[in-house]
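Below: one structure, written as C-alpha cells.
Please treat every number below as a calculation from the coordinates, not as lab data. All of these numbers come straight from a predicted model, not from anything done at the bench.
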Amino acid sequence: MEPARQRPTKDDLQYSPSKPRTRETPPIIKAPPIKRSPAQNICVAMGVFFILVGLAGFVMPELMGAHLSPAHNMIHLVSGILSLWFGTGKSIIAAKNFSRVFGTLYLLLGLAGFVFGGGNADSLIRPIPNILEFGTSDHFIHIAIGAIFLVAAYFTLRRNSKVTYH
C-alpha cells in the first residue's frame, strides 16, 4: 500500500523563482496582447503631446514659435484629456470617430488661419484679441496635427471597428 499523500500547504502552492515548479504550483498565465487600433494609438500619443505642450506653454509662451496664451494652453490641456480618454477607451469606433472629427477641425483651423490671416507676414488671426491668437507656426502645427489624426482614422480598418457596446 502506498502512503497517504499529504495535502499541500499554502507555502507549497506559492511559486518563487528559488523553488522548483511542482504539480501543485499554478502555471504562469500570460495575458493575450491587447490589439489596439491606429486611431487609439495616435489618440494616446497625441493626448500626451497636447498635455505636455499645454503645460510647457505656461512656462514658455513662444514654444515652437507658437502663440501660447493661457487660453491656448487650456485648450491644449482639454484636447489632451479628450484625446487620452478616447485613446485609452475600449471602443475602436469612438477613437476612430474622434480622430476624424478632431483631425478635420484642426486641419480646417490651420487652413482658415492662412485664408483669413489678413495677408500680413505672420498670417495672424485673432479669434479673441490679446487672449487667443494664431500665427503662421500655429497654422502649420494645426495642419500637421489634423493630418496625423485623419491618417490614423483612415488606417483604422472598418473590420476592426465592429465593436459591441455592453
Per-q log10 I(q)/I(0), region 38-158, q = 0.09, 0.21, 0.23 Å⁻¹ (Debye; single scatterer per alpha-carbon; no solvent)
-0.24, -1.12, -1.25
On full extension of the chain, what length is gained from ASN41 through LEU111, given 0.36 nm per residue of separation minus the C-alpha to C-alpha distance?
22.7 nm
